[in-house]
Amino acid sequence: MTQERFNQALRDFGCSPQSWLMMLVMLIAGSGMLPAQPPASIPDPWIMDNGDYVYDPGHLLSDDTLEGVDKLIDKARKTTTCEIAVAIVDNLAGLTIEDYSYQLFKHWGVGKDDKDNGILLVVCPKEKTARIEVGSGAEGVFTDIACAKLLRRRMIPLMKEGNINQAVYGTVNDIERTMRSQTFGNELRSANEDTTMRRIRTISPSAFRRFMKYMVICAFLFTLLLFITDLFTTRGKRNYRRAMTWRNHLSTYVWGGVLSLGTALPITLLAWLLYKRARNIPEICDTCGATMEKLSEEEDNKYLSASQDFEEKLGTVDYDVWKCPDCGTIEYFPYVERQLKYQECPKCHTVAMNLGMDKVIEEPTTKHPGRGMKIYTCQFCGNFHREEYDIPRKEDPSAAIAVAAALGAMAAGGRGAGPIGGGDSHSFGGGRSSGGGASSRW
């Protein structure tokens, strides 16, 4: 297509080539900009998933800073009833920082409605400006001059260095300390009860990493300490006692290897090898002092009693049988398997008793508990015994309905129809601002 034909095609669409070129330039220039977000469209940070008191859609603050700022604000809210909010915005939607902060303060309703004791910190890094917007009732404490000093103290110098984390945290810390001071405490305190229940904050990745690090270290040190302890306690003991010590702690070693994320697995493996070694080291005959021989699983069956053979078939006990080649002495070493189905019979002492029947003797009611009976039977000797137990009373449906109604009434009795804690459509206390505060640039 020639240049003339291309220009004619553009004119057919009703635009000159110069207009299309200008539109293309504007589109390219604006493609990297985030859309303007007016204050009335910014959601309340309390009801968002990404924070409690801080609005930071660009994730400019670190997880540690967010957690620290939330703790400071929550502390101020609990001790003084004053409310602080922070907004880190990408742009001011064509407004001045003063108009933007005032409209956002009004939209969120920061502060209690009887004292108007709210403070809003707005930071716009791209436009290099910040403002502290003050509620009407807090202007006697946070005067325009005082707010300007607060911004100049940390916000401006730290933002010049590009340290937004310390700038925001330090400024909020100064505001919170001022609120808690003895001079200003009563002036800002609201009589309204703060019924807002702070949600459990999602664990930040950095906090999770610290937790995992401490868990790995503790699990490794515990596993190592257990290993050293077992080494000393098994010294000088017979092979069977040593094997039982290592065997009884094998599950603990496995958990240590798992919780240490594999760092303690070599210790676990070494404990398992020491258990196998202690179980297979030749025993010394107590009768003649000769070295005994361990019989295979097929050979040791003819030396086991009927109950011992039955236990091995059930898988409840594994017997090691050692025989002296000189004097013929036989020794048995039982290794009870970990299982929940069978228990030892009180009559024949065979680990072969299990639950045979569980029946209800008396049905429970809403007023009285019931009674049940469990019958355990030994699979080897046939012995059985009964155990009676209580069955809890049935729940009264009418009581459950009454509790549900009471909870519903409590929920409906909250101030307003919005989130818990008051306000019409926000979680803050419905405070107002008359435009007091201070702005600054860097």
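The set of residues in the stretch 332-372 being more than 40 Å from the chain's Cα centre (by Cα), within 16 Å of residue 307 (Cβ to Cβ), of a type outside the set (Val, Ile, Thr) and in a loop (DSSP other than H, G, I, E, B) consists of 345, 346, 347, 348, 349. If you check 169, 102 for being in contact (Cβ under 8 Å) with a residue 40 or more places away in the chain, farther than 16 Å from residue 42 by Cα, part of a helix (DSSP H, G or I) and not charged (D, E, K, R), only one passes: 169.
Tallying residues that are part of a helix (DSSP H, G or I) and modelled with pLDDT under 90 within the stretch 188-245 yields 8. Search the stretch 122-149 for residues being touching a residue at least 40 places away in the same chain (Cβ under 8 Å) and basic (Lys, Arg), and hand back the single one that is surrounded by the fewest Cβ atoms within 10 Å (Cβ to Cβ). By that ranking, first place goes to 128.
Considering the stretch 277-331, the residues that are of a type in the set (Lys, Arg) and in a helix (DSSP H, G or I) include one that is farthest from the chain's Cα centre (by Cα), namely 302. Condition (residue is closer than 23 Å to residue 140 by Cα and surrounded by 19 or more Cβ atoms within 10 Å (Cβ to Cβ)) applied to the stretch 86-93: is it met by at least one residue? Within the stretch 86-93 (the criterion being closer than 23 Å to residue 140 by Cα and surrounded by 19 or more Cβ atoms within 10 Å (Cβ to Cβ)), the answer is yes, since at least one residue qualifies. For the stretch 78-97, the candidate set comprises residues that are more than 24 Å from the chain's Cα centre (by Cα) and under 12 Å from residue 180 (Cβ atoms); within that set, the residue that is modelled with the highest pLDDT is 84. Here is a check on your reading of the model: is residue 362 closer than 30 Å to residue 245 by Cβ and out of contact with any helix residue (DSSP H, G or I) (no Cβ under 8 Å at 6 or more places or on another chain)? When the stated conditions are applied, residue 362 does not pass them. If the condition is being touching a helix residue (DSSP H, G or I) at 6+ places or on another chain (Cβ under 7 Å) and under 26 Å from residue 250 (Cβ atoms), then the stretch 321-331 contributes only 321.
The values are calculated or read from the model by the stated rules, or taken from the named source; none is laboratory data. Keep in mind the model is a prediction, meaning the values are calculated, not measured. Every residue, glycine as well, gets a Cβ built from its backbone with ideal geometry; the counts of neighbours run over all protein chains shown.
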